[in-house]
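Undergrad: There's a structure below that I have some questions on.
Bear in mind that the values in this text are calculations on the coordinates, not laboratory data. Predicted model only: the values in this text are computed from it and were never measured. Every residue, glycine among them, receives a Cβ derived from its backbone with ideal geometry; neighbour counts consider all protein chains shown.
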Amino acid sequence: MRAAILLGLVLSAATHAADPLQEAMAELQPSSLSAAQQRAELAWFVEAGKPFRDVQVRVIAERIPTHWYEANVLAPLFTRLTGIRVIHEISGEDDVVNKLRTQQETGLPLYHAYVSDSDLLGQHFRDGQVLVLSEFMKGEGAGVTLPTLDLDDFLGLPFATAPDGGLYQLPDQQFANLYWYRRDWFERPELRKAFRQRYGYELDVPQNWSAYEDIAAFFTEQVGEIDGQRVYGHMDYGGFDPSIGWRLSDAWLGMAGVGDPGLPNGLPVDDWGVRVEGCRPAGASVVRGGALDSPAAVYAIQRYVDWLQHYAPPEAQRMSFNQAGSVAAQGHVAQQIFWYTAFTADYTRPGSAVVDATGRPKWRVAPSPRGAYWREGMKFGYQDVGAWTLLKATPLRQRQAAWLYAQFVTAKSVSLRKTLVGLTPIRRSDMESPALQTEAPRLGGLVEFYRSPAARRWTPTGANVPDYSGMASLWWRQLHPAVSGELSAAQALGNLARRFDQHLQIVAQRQQHPCAPRLNAPRDAAEWLARPGAPWPRLEDERPPGRTLPYEEALRAWD
């Protein structure tokens, strides 16, 4: 497989000044398509682009390896094929969300397309500003829609489809938050013996937060050093930065068990702690039937703060998402409860401290352990689906040209090569390809995850949140005081829940949609806590006995 990539690079260099179609064929190897199929698909883009030659489109995406590859390789390649000039900007996720929101609020033509998370789906189908792709492909976009696009092949299509049945976004990349651990350390006989003697069960993949905490304490406090290096039993981040909001909103509460059972996000209370009546958000605070300041939420945030302070490297408390993402690849962290698979490329590089001499990973990924409030039927964790998003207000010519580019970087001709570069898969056909099967042993379980039904049980924020771009920033601003020690977890969550309720009331006045928020009247919290379902009353024992499973057994959760 690597030989095929090398061959593609050599051919690409040799044909740089040659026919753009030949150049594309050389760069985009391997492919899940036959050579004839790939050539025909790429030739379609050449023909479809002719009416748009010299049209310029501006797009923006967040800062991950997949989008760097699109910006630096695929955008220029698309321009040489079609004559459409693409300016593909890379920025922070918060900046992408804010620019999309600014364009929607002001009408300023900042960009012609965004790769933004499907977390915004609840906002898109309510506010009426985002292009409904399923309608566009049948109407004004029919002539520029790739005949071989094959929507059913996209892994994340359900996450970009709204309750009204419309497809609002086209998946471009996706990654899950999974449990990550140093399997080589966990298999050392002397460490297994020491753990068993201290805790009374096996050093294996933790199934609940109690076991995760035991393992974190074991490596940080009892082991302390491995092969002459200081080691830690946990890794996270806690800097005053928007990314701490994603860390906590992206199913941290869901893994703890804050909401109700039900996929994709729990009903009537979802993993943000927002109660939804029918399709209408009805409140986040316990007094309105929500769970954002419930005992389960306090439990979740307190564990987050405690583990960060006690078991992670000290510098982690000041880090952001991008700073912390590759830290465990330095080789001094035993496990991460909630590891972003978007960083897989950093953990598979030859010579890395977490890769052996043969190129195989010393680590594995597995289902994340669940908190004390978690119940069967709840979501297992978070999955990010970055997806192409176009606005109705964009002029038709630029909209059509941007749609061509969005399809190009997600087409079967491109997607397998892009997956091997960024390791953020979007197509089933790629996961079943011989190339991915060959690569699977060095990807630590990533391929197995995406080939399993579990890929549907790790879900994005979903359609219940009516204004993601406005509400997402509340998380980090209101909860960082708990991380820094300025407020207790209960105080910070109380502030966040009240701000959520206030914001939902504002959105209710702004959105003219049958699914716009309609808040419940406040009631005594005890009344809501006494009812079945979320918000859950406080458990007498929030730390049940730790439980672990051998790796192979733990993976059965994916089946």
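Undergrad: What nm value, rounded to one decimal, do you get for the distance between Lys138 and Ile87 when each label is placed 7 Å out toward the C-beta?
TA: Between Lys138 and Ile87, the label points sit 3.6 nm apart.
Undergrad: Could you grab the relative contact order for the chain? Cα pairs under 8 Å, six or more apart, rounded to a whole percent.
TA: Reported relative contact order: 25 percent.
Undergrad: Using the Karplus curve 6.51 cos²θ - 1.76 cosθ + 1.60 with θ = phi - 60°, work out ³J(HN,Hα) for each residue of region 432-440 in order, rounded to whole Hz, and write x for Gly and Pro.
TA: Residue by residue, region 432-440 yields 8, 6, x, 4, 5, 5, 5, 7, 3 Hz.
Undergrad: OK, next. Defining a contact as two alpha carbons under 8 Å apart and six or more residues distant in sequence, what relative contact order in percent does region 142-296 show?
TA: 8 percent
Undergrad: Quick check: from the Cα gyration tensor, does region 406-521 come out rounded (a/c under 1.5), prolate or oblate?
TA: Here region 406-521 falls in the prolate category.
Undergrad: Continuing with this model, one more query. Under 5 Å between amide hydrogens, which residues at least 5 positions from Val355 or on another chain qualify, with H placed 1.01 Å from N in the peptide plane?
TA: The list, which skips near neighbours in sequence, is Lys362.
Undergrad: What list of ³J(HN,Hα) values in whole Hz, one per residue of region 370-380 in order, does the Karplus curve 6.51 cos²θ - 1.76 cosθ + 1.60 (θ = phi - 60°) give from phi, with Gly and Pro shown as x?
TA: Running phi through 6.51 cos²θ - 1.76 cosθ + 1.60 with θ = phi - 60° gives 10, x, 5, 8, 5, 10, 4, x, 7, 5, 8 Hz.
Undergrad: Further question on the same structure: Quick check on the exposure proxy: order Val409, Val73 from fewest to most C-beta atoms within 10 angstrom. Let's see the in-between values first.
TA: Details: Val409 29, Val73 18.
Ascending number of Cβ neighbours within 10 Å: Val73, Val409.
Undergrad: Taking R0 as 45 Å, what FRET efficiency do you get between Arg498 and Ser34 from their Cβ-Cβ distance, rounded to the nearest 0.05? Walk me through the intermediate numbers first.
TA: Working: r = 59 Å, r/R0 = 1.30.
Here the calculated transfer efficiency is 0.15.
Undergrad: Could you sort 390-399, 349-358, 363-372 so that the peptide with the highest average Cβ count within 10 Å comes first and the rest follow in order?
TA: Top of the packing list down: 363-372, 390-399, 349-358.
Undergrad: Here's another thing I want to ask about it. If packing is taken as the mean number of other Cβ atoms within 10 Å per residue, what is the order of 375-386, 414-425, highest first? Don't jump to the answer; show the numbers that get you there.
TA: Numbers: 375-386: 21.8, 414-425: 23.7.
For the peptides 375-386, 414-425, the packing ranking is 414-425, 375-386.
Undergrad: Next question, about the same structure. List the residue ranges in the chain for DSSP H helices whose C-alpha atoms run 27 angstrom or more along the long axis and whose Kyte-Doolittle average is -1.0 or above. It would help to have the intermediate numbers written out before the result.
TA: On the way: long enough: 489-510 (31 Å, -0.28).
Those that pass (Cα extent of 27 Å or more, hydropathy at least -1.0) are 489-510.
Undergrad: If I model a spin label as a point 7 Å beyond the Cα along the Cα-Cβ vector, how far apart are those points for Arg360 and Asp524 in nm?
TA: 6.2 nm
Undergrad: Same structure, new question: Given the -39500 (n - 2.57) contribution per DSSP H run of 4+ residues, what per-residue ellipticity at 222 nm results for the chain, rounded to the nearest 500 deg cm²/dmol?
TA: Estimated from H runs of four or more residues: -11000 deg cm²/dmol.
Undergrad: Once you have a ≥ b ≥ c as the square roots of the Cα gyration tensor eigenvalues for region 475-548, tell me rounded if a/c is under 1.5, and otherwise prolate or oblate according to whether a/b is larger than b/c.
TA: Verdict is oblate for region 475-548.
Undergrad: Then there is this: To make sure I understand, if each residue's beta carbon is the centre and we count other beta carbons within 10 Å, what order do Leu121, Leu539 fall in, fewest to most? Don't skip to the end; give the middle numbers.
TA: Values: Leu121 28, Leu539 14.
Lowest to highest Cβ neighbour count: Leu539, Leu121.
Undergrad: Among (1) 1.24; (2) 0.92; (3) 0.97, find the value of Cα Rg over 2.2 N^0.38 Å that was calculated from the structure presented, and write down its label.
TA: Computing Cα Rg over 2.2 N^0.38 Å and matching it to (1) 1.24; (2) 0.92; (3) 0.97 gives (3).
Undergrad: Can you list the residues of region 90-130 with backbone N under 20 Å from a point 7 Å past the Cα of Thr145, pointing along Cα to Cβ?
TA: 113-114, 125, 128-130
Undergrad: Which of the lysines could be linked to Lys362 by a straight reach, that is with a Cα gap under 22 Å, when you skip same-chain ones fewer than 8 residues away?
TA: Lys193
Undergrad: Also, I was wondering about something else. How far apart, in nm, are the 7 Å Cα→Cβ label points at Thr102 and Glu225?
TA: Taking the two extended label points, one gets 5.1 nm.
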